[in-house]
């Protein structure tokens with residue numbers, strides 16, 4: 001159960017998220033949806049350079065914060081789930 005909190009697991013997941021962004025980059029459009037309103041309509045579009053790499057960068061920041069607060073690990077997993085959703089929306 002505690003393997004999700006190990007440093008090696010976190011590093012591998014962050015590396016995989018960067019690799020997934022690099023793989024999705026040529027297949028995505030120039031703008032990526034980043035936010036949806038209450039009626040499931042896209043209301044914020046961003047450049048694909050920002051949209052595909054914002055959550056992996058946030059994961060690196062949280063990895064640094066994790067040295068002081070172990071609970072920050074949950075934020076990394078939240079960013080991974082959001083990143084998967086953004087990659088899906090960028091490709092489709």
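Things to note:
- Residue under evaluation residue 71, criteria (1) surrounded by 12 or more Cβ atoms within 10 Å (Cβ to Cβ); (2) over 12 Å from the mean Cα position of the chain (by Cα), criterion not met: (1)
- Some residue of the range 36-48 being surrounded by 15 or more Cβ atoms within 10 Å (Cβ to Cβ), out of contact with any strand residue (DSSP E or B) (no Cβ under 6 Å at 6 or more places or on another chain) and free of Cβ contacts under 8 Å to residues at least 40 places away in the same chain: no
- Subset tally (residues that are part of a helix (DSSP H, G or I) and free of Cβ contacts under 8 Å to residues at least 12 places away in the same chain) for the range 1-10: 5
- Every residue from the range 34-43 that is more than 13 Å from the chain's Cα centre (by Cα), outside any loop (DSSP other than H, G, I, E, B) and at pLDDT below 90: 35, 36, 42
- Qualifying residue in the range 5-19 (condition: farther than 22 Å from residue 71 by Cα, loosely packed, with under 12 Cβ neighbours inside 10 Å and either in contact with a strand residue (DSSP E or B) (Cβ under 7 Å, 6 or more places away or on another chain) or modelled with pLDDT of 90 or more (or both)): yes
- Pairs linking a residue in the range 50-72 that is under 17 Å from residue 2 (Cα atoms) to a residue that is outside any helix (DSSP H, G or I) and at pLDDT 95 or above, with Cβ atoms under 7 Å and 6 or more positions apart or on different chains, do not occur.
- Test set (1) assigned to a helix (DSSP H, G or I); (2) surrounded by fewer than 12 Cβ atoms within 10 Å (Cβ to Cβ); (3) touching a strand residue (DSSP E or B) at 6+ places or on another chain (Cβ under 7 Å) - residue 26 fails condition number: (3)
- Qualifying residue in the range 46-66 (condition: more than 8 Å from the chain's Cα centre (by Cα) and assigned to a loop (DSSP other than H, G, I, E, B)): yes
The values are calculated or read from the model by the stated rules, or taken from the named source; none is laboratory data. Just so it is clear, the structure is predicted and the values come from calculations on it, not from any experiment. With ideal geometry, Cβ positions are generated from the backbone for all residues, glycine too; neighbour counts draw on all protein chains shown.
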